[in-house]
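A.B. asks: The following block contains the structure, expressed as structure tokens.
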Amino acid sequence: MRALILCLILLSGTFNAAEFYVNGGDPKAKDANPGTKEMPWLTIQNGVEAAKPGDTIVVMPGSYSRTAVKKSGKAGELLTIKGFSAPSKAHVDQNKVFDPLKPEAFSGNPQLNAVSQGFDITNAAFVRIENFEITAVTKRGGVFFEKADSIQVVNNFLHDLNPPAGQAGGIISYSNENKNILIKDNTLFRCPGTSICITGQNWLVEGNEVSHGTNCNTQTGGNVGGEDAIRFFGAGHIIRCNYLHDFLDAEQFPGSKPHLDAFQTFSTWRAPPYLSFASDILVEGNYCDNIGQMFMCEDKHESKFGKNMVHHITFKNNVFRRAGAYAFQIRSNSDNFTFVNNVVAESYYGPITFGESSHHATVLNNIFYNNRREQAKGERSGTVFSEATSLPGSVWDYNLHNYDFKYPPKSTVYDLHGLFGVDPKFVDAEKGDYRLQKGSPAIDAGDPSIPPPSFGGKRIDIGAFEYGSSYDELFVKFNIIK
């Protein structure tokens, strides 16, 4: 059912559509016009209020104020609000490191782009937002959802949002009433606060690039709090093929001691009513690089009140590179966590830890490569750590570790069929290309109970990239392999 709903989100089209124009740069533009290309409307807000299901509002280059979307399309008849062309990003140097002591925000480019101060989507359904540059917002981040259903946010460029204090965030949702949301092919750069916050049900977050998140207002340097790439809550979400990278301590408010995460979820310790829960989540095919921690997970509500709120979260076929601490920390009764066919490389302390009754964990077919860059005195320690309370029902096996270790001691629950002290023979580990070369010991070495892919192989491989498959599109799209 979840897959069907997501397919409907992707395939929703428009029929019997009318096309209208907004052009703030045209001296003839006014909201009393018919909204034609020759006699356009002045504001996006007027276009939204005038449009019907199936209509498309084309927004020409220019600067536009924030838009409240409280109208709906229909299934197969989306209400579409789109910039005239894909937003140019050439005026923003996405490699420039932000200095909190000398704050300077990149401005929008209204000569080439439809530059918006953001969208509030409230009590609306079947709406598509596309091709906007979103910056210098007036409140609540770039795109804000409340009681929204079947919304598409596609191919937008969000940067230097700088909302008022307490309202930071990129694409954000705080209500569990938001459902069937598609977030696809957007670029989020220097978004103060959490870049993407997912709540509710059945989101598909795919093909986005998220980088250089900060807890600073990039215009004033003030502390706005929060700095994760993606936080997810609710149920039934798929988060796949995103590129999350370069969340840097140097870009955070001085002395704030930020906790930078690629992904994070948790439940609250407070008594009901509660908002934060997470279950039935799939995180697949993402590439995450140079972030403090890749995933932090806690279920403090279960620890305090006994109700299981965080469980059944699956990570598969992802790359996690250069974590600044432990890459994964699974704690406080976060049970039934599955970690299958991933690569964890170059993490500062180690790849993964389980604690505080985070039981029934599954860790299979992963490659742990050159982790614990900051070595303790003496011998290198192991790659997967678990407190005794997290052992019941857990299985870790068929993983490849490129160095051997004595602690924690190996046992029947710790890689009985694993490979230790083995070079996985990546294509180019130094450049972050963790595909397998011909002759790699990881080929056909995974758990034999998992069926191999349809295109070949005697058994499933170990690692994120099945030998013979092509992930060039992901690498080329985001220029990961330079």
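A.B. asks: All other residues with a Cβ under 9 Å from the Cβ of His312 taken together, and with Lys, Arg as +1 and Asp, Glu as -1, what is their net charge?
C.D. replies: -2
A.B. asks: What Kirkwood radius, in Å to one decimal, follows from the Cα pairs of region 343-482?
C.D. replies: The Cα-based Kirkwood calculation yields 16.0 Å.
A.B. asks: What angle, in degrees between 0 and 90 and rounded to the nearest 10, separates the Cα long axis of helix 2-11 from the longest principal axis of the Cα atoms of the chain?
C.D. replies: 40 degrees
A.B. asks: Please report the base-10 log of the normalised intensity I(q)/I(0) for region 244-343, using a Debye sum with one equal scatterer per alpha carbon and no solvent, at each q in 0.12 (1/Å).
C.D. replies: -0.43
A.B. asks: Okay, moving on. Please work out the FRET efficiency for the pair Lys37 and Ser65, using the Cβ-Cβ distance as r and a Förster radius of 22 Å; give the result to the nearest 0.05.
C.D. replies: The computed FRET efficiency comes out at 0.50.
A.B. asks: What is the set of long-range amide H partners of Ser394 at a cut-off below 5 Å, with H atoms built 1.01 Å from backbone N?
C.D. replies: Residues meeting the amide H criterion: His360, Ala361.
A.B. asks: Got a sec? Which residues in region 316-346 would a label at Ser469 touch, if it sits 7 Å along Cα→Cβ and we count backbone N under 16 Å?
C.D. replies: Answer for region 316-346: 316-320, 339-344.
A.B. asks: Return the Rg/Rh ratio of the chain with Cα-based radii and a Kirkwood Rh.
C.D. replies: Reported Rg/Rh (Cα atoms, Kirkwood Rh): 1.00.
A.B. asks: On full extension of the chain, what length is gained from Ala271 through Lys102, given 0.36 nm per residue of separation minus the C-alpha to C-alpha distance?
C.D. replies: 56.6 nm
A.B. asks: Cβ under 10 Å from Pro192's Cβ, Pro192 left aside: what net charge do those residues give with Lys, Arg +1 and Asp, Glu -1?
C.D. replies: That works out to -1.
A.B. asks: Which of the three applies to region 403-482, rounded, prolate or oblate, going by the alpha-carbon gyration tensor with a ≥ b ≥ c and a/c under 1.5 meaning rounded?
C.D. replies: In terms of gyration-tensor shape, oblate.
A.B. asks: Given the options Asn162, Pro27, Asn370, identify the residue whose Cα lies farthest towards the positive end of the charge dipole of region 2-478 (+1 on Cβ of Lys, Arg; -1 on Cβ of Asp, Glu).
C.D. replies: Value computed over the given set: Pro27.
A.B. asks: Can you tally the net charge around Tyr398? Count Lys and Arg as +1, Asp and Glu as -1, for every other residue whose Cβ sits under 12 Å from the Cβ of Tyr398.
C.D. replies: Summing Lys and Arg as +1 and Asp and Glu as -1 gives -4.
Just so you know, all these numbers are worked out from the coordinates, no wet-lab data involved. The structure displayed is predicted, hence computed values, not measured ones. Cβ: placed from backbone, ideal geometry, glycine included. Neighbour counts: every protein chain shown.
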